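S.K.: Okay, here's the structure, questions in a sec.
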Amino acid sequence: MVINHIKRFFENQKKRFQEKRKEKEKLESFRETEEMRKGEEIKREADRLAQLKQYQTAIEEYNKALEFYPYKGNEQDMFKNAAEFLFKCNYNIAACYSYLDNFDNAISHFDKALQVDMADNENKVRALMGKGSTFYRKRLFVEGRYKAGAYHISMDTDWEVSDKTIGQYKEEDRKKNFIKMAHDCFTQAAELDKSHVEAWYNKGHMEVLMNRIKEAVQSFDNVVNLNKSYENKESISLFDEIKRDRGVPIKASEIMERSESAEPAFKTKTGHLVRTRAEMMIANFLFDNSLLFQYNSVATWADKDEFRASFYIPKLDLYIDHHPYDYLKEYQKVMKAKVKQYEKHKKKHIYITSEDEKNIEEAIRLKMKPYIIL
């Protein structure tokens with residue numbers, strides 16, 4: 001009798017639990033069909049405005065849509081699609097602010113999107129990539145420059161930043177380092193999705209800017225492993241070097257264009273910023289051997305304006321050039337023309353080739369023998 005009584009008790013408990021669950025599902029269904037229908041309708045209008053580049057108005061509509069968000073309790077109790085709705089609204093607001101170059105509000109809303117714990121990894125990666133790109137663009141803004149590539153969004157906007165705000169940005173960058181903050185975002189994105197090529201590329205780019213070359217090499221190795229034809233959007237010389245070392249063909253025209261426009265990113269022992277890893281090794285070798293040098297200085301004696309040598313050592317009156325793409329026919333023409341200039345004006349000159357990079361210090365010692373014993 002006791003056993004039967006206990007059995008009936010648990011059966012009744014189970015029945016009541018099932019009934020409560022059905023009631024809850026009905027309530028959630030009602031909420032979804034009534035409140036969410038209105039929210040989704042407003043969100044669709046916001047999406048349309050964003051597509052038309054009416055970003056400020058779109059932001060206002062996304063915020064209206066969020067007002068209809070029907071559940072304010074624990075996230076684990078969210079009804080179907082609510083988490084995705086909340087994520088998308090905040091993510092799209094962040095994207096609109098990003099298009100307007102309103103960095104702080106963009107980052108704030110990327111954070112709100114990331115706070116939706118039930119969002120799937122794919123969405124979290126999107127938010128992390130957006131947040132990281134915004135930090136990087138904020139650094140470019142502080143430096144007073146934008147450049148085409150993976151991070152810049154080109155558009156017309158009346159939004160302006162006051163001198164006071166720029167000063168605040170500079171102070172914030174000094175304390176927190178926007179490049180490091182961008183790197184943290186890209187690192188998290190790559191960890192969440194190890195097959196995300198852009199996350200690895202952006203991570204490597206930030207590592208180059210922070211002079212963390214070993215880590216950058218690993219990141220770019222991952223890019224090449226995942227996609228050999230991935231575009232070098234930011235004209236990073238190290239990325240080209242790695243593709244070359246892996247036997248991945250690169251168009252000569254692209255390499256030459258990038259080599260001319262590439263900005264110095266590798267920091268030497270002397271504090272100079274140079275364009276390539278090999279140039280960094282040359283500069284460090286000269287420093288270690290107490291040879292003061294000038295980097296990328298204009299040679300006024302040359303026939304052409306803006307004729308530059310990679311390095312000039314005043315003590316020896318010696319010029320050193322680095323030719324990393326000597327194996328390309330198009331580049332060989334440029335290289336030969338440069339050598340002729342030195343010969344014509346009877347200038348002492350040596351150059352380092354791609355083959356020399358395998359043991360660059362030994363190559364420099366050997367080629368400098370006629371001028372100094374190191």
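Where a number appears in this text, it was derived from the coordinates with a stated rule and is not lab data. Note that the structure is a prediction, hence the values are computed from the model and not measured. Ideal geometry is used to build each Cβ from the backbone, glycine not excepted, and the neighbour counts take in all protein chains shown.
S.K.: Compute from the Cα atoms of the range 267-368 the Rg and the Dmax, the latter being the longest Cα-Cα distance, and quote both in angstrom.
M.R.: Expressed in Å, the Cα Rg and Dmax of the range 267-368 come to 13.1, 36.
S.K.: Residues in the range 293-308 near a label at residue 339, defined as backbone nitrogen under 18 Å from the 7 Å Cα→Cβ point?
M.R.: Residues passing the 18 Å test: 308.
S.K.: Considering only C-alpha atoms, what is the centroid distance from the range 81-114 to the range 276-342, in Å?
M.R.: For the range 81-114 versus the range 276-342, the Cα centre distance is 48 Å.
S.K.: Determine, for each peptide in 338-348, 309-319, the mean count of other beta carbons within 10 angstrom over its residues, then list the peptides with the highest first.
M.R.: The most tightly packed comes first, giving 309-319, 338-348.
S.K.: Further question: Hey, can you grab everything whose amide H is under 5 Å from the amide H of residue 318? Only 5+ residues off in sequence or another chain; H modelled, so Pro and N-termini drop out.
M.R.: 313
S.K.: Here's another thing I want to ask about it. If you place +1 on the Cβ of every Lys and Arg and -1 on the Cβ of every Asp and Glu, how big does the dipole about the Cα centre of the range 210-369 come out, in debye to the nearest 20? Display every interim value, and only then the final one.
M.R.: On the way: 29 positive and 26 negative charges, 84 e Å.
In debye, rounded to 20, the range 210-369 gives about 400.
S.K.: Could you sort 294-305, 101-112 so that the peptide with the highest average Cβ count within 10 Å comes first and the rest follow in order?
M.R.: Highest-to-lowest ranking by the protection proxy: 101-112, 294-305.
S.K.: When Lys and Arg each count +1 and Asp and Glu each count -1, what net charge do the other residues less than 14 Å away from residue 175, Cβ to Cβ, add up to?
M.R.: On the way: positive: 138, 139, 170, 174, 176, 180; negative: 171, 172, 173.
Around residue 175, the surrounding residues sum to +3.
S.K.: Quick one: order 175, 333, 64, 131 by neighbouring beta-carbon count within 10 Å, fewest to most.
M.R.: 175, 333, 64, 131
S.K.: What does the charge count around residue 215 come to, taking other residues whose C-beta lies under 10 Å from its C-beta (Lys +1, Arg +1, Asp -1, Glu -1)?
M.R.: +2
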